[in-house]
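Student: Structure incoming, see below.
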Amino acid sequence: QVQFVESGGGLVQSGGSLRLSCAASGFMFNYVAMSWYRQVPMKEREQVAGIDNRGGTTIYADSVKGRFTISRDNAKNMVYLQMDNLKPEETAVYFCNAVAGNWGEIAFPSSWGQGTQVTVSS
């Protein structure tokens, strides 16, 4: 059973930092790319960052480049998102999932975790 458990969110002031964690299970973690996504009510889920299976290639949404860093630990089946210089408009629920094929394709669209709430105050 595919499962994602996100954690690390919280309330932070504008300009602050948070480190999100995602524990993945139920699939061959070492062989798939992973991504972080975020969603606010009434809007589509947005891909924020991605990392290939070995951690050698990363991608970022233009809005977070230079401030967010995605990483992974294949020995622990974990993926992380370090978020620095956070902005109020980045308040959202953050999720992780695996990537299928190209970066825009979600591997397990029916297996989202509960996400972790990030709230950035101004």
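Please treat every number below as a calculation from the coordinates, not as lab data. Predicted model only: the values in this text are computed from it and were never measured. Methodologically, a virtual Cβ is constructed for each residue, glycine included, from the backbone with ideal geometry; neighbour enumeration extends over all protein chains shown.
Student: So for the pair Y31, N102, with labels modelled 7 Å out along Cα→Cβ, what separation do we get in nm?
Tutor: Between Y31 and N102, the simple spin-label model gives 2.3 nm.
Student: Size of the dipole of the range 65-122 about the Cα centre, Lys and Arg at +1 and Asp and Glu at -1 on the beta carbon, nothing else charged, in debye to 20?
Tutor: The dipole of the range 65-122 has a size of about 120 debye.
Student: Same structure again: How large is ³J(HN,Hα) for each residue in the range 54-62, as worked out from phi by the Karplus curve 6.51 cos²θ - 1.76 cosθ + 1.60 (θ = phi - 60°), to whole Hz, x for Gly and Pro?
Tutor: Those phi angles translate into 9, x, x, 10, 10, 10, 9, 5, 4 Hz.
Student: Let me spell out the model: positive unit charges on the Cβ of Lys and Arg, negative unit charges on the Cβ of Asp and Glu, origin at the Cα centre of the chain. What dipole size does that give, in debye rounded to 20?
Tutor: Charge dipole, the chain, about its Cα centre: 180 debye, nearest 20.
Student: Here is a further query. Taking only Cα atoms of the chain, what ratio of Rg to Rh do you get with Rh as the Kirkwood inverse-distance radius?
Tutor: When Rh is taken as the Kirkwood radius, the ratio is 0.94.
Student: Same structure, new question: In nm, to one decimal, how far is the modelled label at Q1 from the one at R67, with both set 7 Å along Cα→Cβ?
Tutor: Taking the two extended label points, one gets 3.7 nm.
Student: Averaging over all projection directions, find the projected area of the Cα convex hull of the range 38-86 and quote it in nm² with one decimal place.
Tutor: 4.1 nm²
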